[in-house]
Amino acid sequence: MAKIAVIGGGAAGMMFSTQYKKMNPGDEIFIFEKTPYVAWAGCPTPYYIAGELGFGSVVLGTPDEFRSRGLNVLVNHEVKKVDFEKKELEISGSDINGAFQYDKLILAFGGKSFVPNIKGYKDGLENVFTLSHAVHAEKIKKFLDTRNDIRKAVVVGGGFIGMEMAEAFKKRGLDVTILEKMGDILPTVSSSMKEPIIKEMAAKGVTLKLNSGVTEVKSEDGKATALVLENGEEVSFDIVLFSIGITPNIDFIENSCIETKNGKVIVNDKFETNTKDVYALGDAIYTRNILTNEYLYAPFGDVANKEGMILAKYLSGQDVSWRGALRSYASSFYEIRIAQTGLTLDEAKRHGYNADR
């Protein structure tokens, strides 16, 4: 009987765990999740914050529901350290607090919001948020639900989550400004698809400021009051969301034997790391672009679910492998829907495809 430890209870970790347990009912699976929630989904969070969806659309199953399937789900249990040579985890939690031995280890620790080193930015400011987990969505919604003095929102970052959160804030009656450091929004989206979204932002009253990098967060008495831009302009607000990007939540295994590149774990087509009996998947890893074979960071729930399924099959003895991802996504801004898969036109031309639109 094998003892498998899974670090992280998000999409990748839970998909692997449930599917592997079905195929190997005699093996033990222990899932260590440092928050109260497992099986949460990131895509619905802006719509939950807007009040259009309930929390049940964000968290898709309770720990007890997964325990009833034979999984050892330990929420509010944080892995502080891994000794890969001894196959031992250092756990901080109520049920397990101390050393935990494993036979195989699955790194599914997910991602966190990337915030650059900005003067004045610090944890604990009551009206400054990021959004990379259900707990963040819950905090943002509670803040808006319990305050009647919130009028102005700023979103730092013009990616998908930033765009969707601008809509969510607007639907809650706030004045909304998006600050984007670069000269364009949605960097992986074809130019022709961006134009109607930018027009719709203007029509809905969302202010878009391009070439507007943030250099400082001003605060007073534990509350942020304004952002200072690279050109010296100050933008005041009542709530700010930093939505610049996602990066793996890899801090606790940094400087270990696990091979990484740009902060992402490197795996092969079986999700094996360079360390025996250690696997990684989901937002923790670099995958490959099927079309170009280049490293691709794809922190999307559908990718994580597929990876979890493939790894469960592989560790159950099936002859399967992961080919990579196409970077497919879908999003919307009010009534405008956008979806894309594969390469943009510029990327296709750069890789030698005879492409046109």
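Taking segment 245-263 as the search range and keeping residues that are assigned to a helix (DSSP H, G or I) and not β-branched (Val, Ile, Thr), which one is nearest to the chain's Cα centre (by Cα)?
Of segment 245-263, the ones assigned to a helix (DSSP H, G or I) are 251-253.
Narrowing the set further to residues that are not β-branched (Val, Ile, Thr) leaves 251-252.
Numbers: 251: 15, 252: 17 Å.
The selected residue is 251.
Of all residues in segment 236-258, those that are hydroxyl-bearing (Ser, Thr, Tyr) have Cβ atoms under 8 Å from Cβ atoms of residues that are open to solvent by 50 Å² or more (accessible area, probe 1.4 Å) and part of a loop (DSSP other than H, G, I, E, B), 6 or more apart or on another chain, in 247/114.
Is segment 90-104 home to any residue that is open to solvent by 20 Å² or more (accessible area, probe 1.4 Å), modelled with pLDDT of 95 or more, of a type in the set (A, V, I, L, M) and not in a strand (DSSP E or B)? Checked against the condition, which is being open to solvent by 20 Å² or more (accessible area, probe 1.4 Å), modelled with pLDDT of 95 or more, of a type in the set (A, V, I, L, M) and not in a strand (DSSP E or B), segment 90-104 yields at least one hit. Within segment 144-178, the set of residues being open to solvent by 20 Å² or more (accessible area, probe 1.4 Å) and either of a type in the set (Phe, Trp, Tyr) or within 13 Å of residue 236 (Cα to Cα) (or both) comprises 151, 152, 160, 175, 177.
Can you tell me how many residues in segment 31-46 are open to solvent by 10 Å² or more (accessible area, probe 1.4 Å) and of a type in the set (A, V, I, L, M, F, W, C)? Steps first, answer last, please.
First, pick out the residues of segment 31-46 that are open to solvent by 10 Å² or more (accessible area, probe 1.4 Å): 33-37, 39-44.
Checking the rest, the ones that are also of a type in the set (A, V, I, L, M, F, W, C) come to 39-41, 43.
Within segment 31-46, residues that are open to solvent by 10 Å² or more (accessible area, probe 1.4 Å) and of a type in the set (A, V, I, L, M, F, W, C) number 4.
Inside segment 23-43, residues that are farther than 14 Å from residue 61 by Cβ and free of Cβ contacts under 8 Å to residues at least 60 places away in the same chain make up a count of 6. Summed over segment 1-51, the residues that are more than 30 Å from residue 173 (Cβ to Cβ) and part of a helix (DSSP H, G or I) give a count of 13.
Checked against (1) surrounded by 16 or more Cβ atoms within 10 Å (Cβ to Cβ); (2) among the β-branched types (Val, Ile, Thr); (3) modelled with pLDDT under 95, residue 341 passes all but a single condition, namely (1). For segment 309-357, the set of residues classified as in a loop (DSSP other than H, G, I, E, B) and within 30 Å of residue 25 (Cα to Cα) consists of 316, 317, 318, 319, 320, 321, 322, 323, 324, listed by residue number. Looking at (1) open to solvent by less than 50 Å² (accessible area, probe 1.4 Å); (2) free of Cβ contacts under 8 Å to residues at least 40 places away in the same chain; (3) within 30 Å of residue 89 (Cα to Cα), which is the one condition that is false for residue 185? Result: residue 185 passes all but (3). Considering 249, 274, 354, 305, the condition of being over 17 Å from residue 11 (Cβ atoms) and either out of contact with any helix residue (DSSP H, G or I) (no Cβ under 9 Å at 6 or more places or on another chain) or surrounded by 16 or more Cβ atoms within 10 Å (Cβ to Cβ) (or both) is satisfied by 274 alone.
The requirement of being assigned to a strand (DSSP E or B), modelled with pLDDT of 95 or more and either surrounded by fewer than 16 Cβ atoms within 10 Å (Cβ to Cβ) or in contact with a strand residue (DSSP E or B) (Cβ under 8 Å, 6 or more places away or on another chain) (or both) is not satisfied by residue 66. Within segment 127-160, the set of residues being of a type outside the set (Lys, Arg) and in a helix (DSSP H, G or I) comprises 134, 135, 136, 137, 138, 140, 143, 144, 145, 160. Take residue 112 and tell me if it is open to solvent by 70 Å² or more (accessible area, probe 1.4 Å), out of contact with any Leu (no Cβ under 6 Å at 6 or more places or on another chain), touching a residue at least 60 places away in the same chain (Cβ under 8 Å) and not in a loop (DSSP other than H, G, I, E, B). Spelling it out, it is not the case that residue 112 is open to solvent by 70 Å² or more (accessible area, probe 1.4 Å), out of contact with any Leu (no Cβ under 6 Å at 6 or more places or on another chain), touching a residue at least 60 places away in the same chain (Cβ under 8 Å) and not in a loop (DSSP other than H, G, I, E, B). Scanning segment 52-91 for residues that are farther than 30 Å from residue 170 by Cβ and hydrophobic (A, V, I, L, M, F, W, C) turns up 66, 71, 73, 74, 75, 79, 82, 84, 89, 91.
The values are calculated or read from the model by the stated rules, or taken from the named source; none is laboratory data. Everything numeric here is computed off the predicted structure, so don't read it as measured data. We place every Cβ from the backbone using ideal geometry, glycine too, and count neighbours over all the protein chains shown. SASA here: full protein model, heavy atoms, side chains in, ligands and nucleic acids out. Shrake-Rupley method; radii C 1.70, N 1.55, O 1.52, S 1.80 Å.
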